[in-house]
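Presented below is the structure to which this report refers.
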Amino acid sequence: MKISARDKKYLIAGATAICLFVLCKYLLFPFFDSMTDLSRQIETKEKNLEKYLAFMKKQSELQQTLQRLTGEETDIKTRLLGGETASLAAADIQKTVDAIATQSQVQMKSVKVIDAFEKGALMAIPVQVIFDSDPGKMSAFVKSIETDRKLLTITDLKIRVKDRRKPGDISVTLKIVGFMQKKEAKT
């Protein structure tokens, strides 16, 4: 069988077209697809890297915030009453109140511990204090309670003049509340 020159050209053109088709279909298009996939992966990884770098930059700021909050927590814990139980915390309040009374030159008549109650994440330990004084000493006592290193608050204050002829002689009833950390129940 003889192939004419014209048919040879068609066969060569057809073979070339088939080779180009196979080359494009199985080599060039997959190559370009893989390049496109690689560029998408690179973009995604660059975005992730930027997020991680931004997080790393914030890490030092977060470390400083953590240190500040840890310091504040330590400060707050030192302001809370000591003791494992409410009765030991009440004894801590009594000791503090006695020291303040001595400093303010107030003579206490009675100190009564009232039942403790929960106040959020803390336990409130109330103590009722009764004493006779003059307004100046009472003012110094109240100011010392409010500015003490321990977290103490006055929730109730009753002042009664003992003798109307001597208004400088007063009877004072205070309810002082201190706070302790609530103990977690062990399971």
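Taken together, the values in this text are just the output of simple stated rules run on the coordinates, not laboratory data. What you see is a predicted model; the values in this text were computed from it and never measured. Positions of Cβ are backbone-derived with ideal geometry, glycine not excepted, and every protein chain shown enters the neighbour counts.
Dividing the mean sequence gap of close Cα pairs (under 8 Å, 6+ apart) by how many residues the chain holds gives a relative contact order of 18 percent. Measuring nothing but alpha carbons in the stretch 1-50 and taking Rh as the Kirkwood radius, the Rg to Rh ratio lands at 1.48.
State which entries of Lys112/Lys166; Lys95/Lys143; Lys109/Lys158; Lys119/Lys175; Lys158/Lys182 exceed 22 angstrom in Cα-Cα distance in the structure shown.
Beyond 22 Å between Cα atoms: Lys112/Lys166; Lys158/Lys182.
Cross-link partners of Lys58 among lysines, defined as those whose alpha carbon lies under 29 angstrom from its own and excluding same-chain residues fewer than eight positions apart: Lys45, Lys47, Lys77. Positive end of the charge dipole of the chain (Lys, Arg +1 and Asp, Glu -1 on Cβ, about the Cα centre): tell me which of Leu151, Phe21, Ala99 has its Cα farthest that way. So the residue furthest toward the plus end is Phe21.
Rounded to two decimals, what is the ratio between the C-alpha radius of gyration of the chain and 2.2 N^0.38 Å?
Expressed relative to 2.2 N^0.38 Å, the Cα Rg reads 2.60.
Projecting the Cα atoms of Ser139, Met56, Ile3 onto the charge dipole of the chain (Cβ charges, centred on the Cα centre) puts Ile3 farthest toward the positive pole. The residue list Met35, Gly178, Gly168 was ranked by how far each Cα lies along the charge dipole of the chain toward its positive end, using unit charges on Cβ atoms, and Met35 comes out on top. The packing ranking of peptides 123-133, 142-152, highest mean first, is 123-133, 142-152, where packing means the average number of other beta carbon atoms within 10 angstrom of each residue. Rounded to the nearest 500, the helix-only mean residue ellipticity at 222 nm of the chain stands at -19000 deg cm²/dmol, with each DSSP H run of n ≥ 4 adding -39,500 (n - 2.57).
Over the stretch 117-187, what is the mean sequence separation of C-alpha contacts under 8 Å (at least six apart), divided by residue count, expressed as relative contact order in percent?
Averaging sequence separation for qualifying contacts and normalising by length gives 44 percent for the stretch 117-187.
Under 1.5 on a/c is rounded, so check that first for the stretch 45-156, then, if it is not, pick prolate when a/b is larger than b/c and oblate when it is not; a ≥ b ≥ c are the square roots of the alpha carbon gyration tensor eigenvalues.
Cα axes put the stretch 45-156 in the prolate bin.
Only Lys, Arg, Asp and Glu carry charge here, each on its Cβ (+1 for the first two, -1 for the last two); on that basis the chain has a dipole of about 520 debye about its Cα centre.
Diffusion coefficient (Stokes-Einstein, Kirkwood radius over C-alpha pairs, 37 °C, 0.692 mPa s) for the stretch 1-107: 143 µm²/s, rounded to a whole number.
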